[in-house]
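Asks: This is the structure I want to talk about, given as structure tokens.
The values are calculated or read from the model by the stated rules, or taken from the named source; none is laboratory data. Computed from a predicted model, the values in this text were never measured in an experiment. Every residue, glycine among them, receives a Cβ derived from its backbone with ideal geometry; neighbour counts consider all protein chains shown. For accessibility, only protein heavy atoms count, side chains too; no ligands or nucleic acids. Shrake-Rupley method; radii C 1.70, N 1.55, O 1.52, S 1.80 Å.
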Amino acid sequence: ALLDVGKTGVGQRAAAQVMQQLVKMMQQAEVKPILRRRAGLVLGRLGWQPDDLDHFVEVPAGKFLYDDEKEEREIKYRYWIAKYPVTNAQFKASSTRTAMRINSGGAKKVGRGETARRSNRMLISGSKM
């Protein structure tokens, strides 16, 4: 019904309220991961994107528990990681703006709208090489 806002489904106000609750549910650590994933998938189908989509978060150096067995491991240095996974739509939009082809000879600009087709190539968006 949410996907039919303004047609035969719910009204925009009700849809906004449901989306707000889905966002809350998706971001609560105590909610089961499968339910958080489902909320995120529904939000994605509705076109929702967080305001901080392009932000990165710091992963500090230190010890952490790894895997289901809770094996203690240590990261020797801090690093930064995207706050959210990159979606297929984001990657496609990014790679069609500026594509870079990496091969054994270095980087070569592929051009606007082109994409690398072979598996030994990697696309880098926004790179100033």
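Asks: Do you know which of the residues in segment 17-44 that are under 15 Å from Val86 (Cα atoms) and free of Cβ contacts under 8 Å to residues at least 12 places away in the same chain is most open to solvent (accessible area, probe 1.4 Å)?
Replies: Arg37
Asks: Same structure again: Check whether at least one residue in segment 45-63 is over 22 Å from Ala89 (Cα atoms) and open to solvent by 100 Å² or more (accessible area, probe 1.4 Å), and report yes or no.
Replies: Looking for residues that are over 22 Å from Ala89 (Cα atoms) and open to solvent by 100 Å² or more (accessible area, probe 1.4 Å), one finds at least one in segment 45-63, hence yes.
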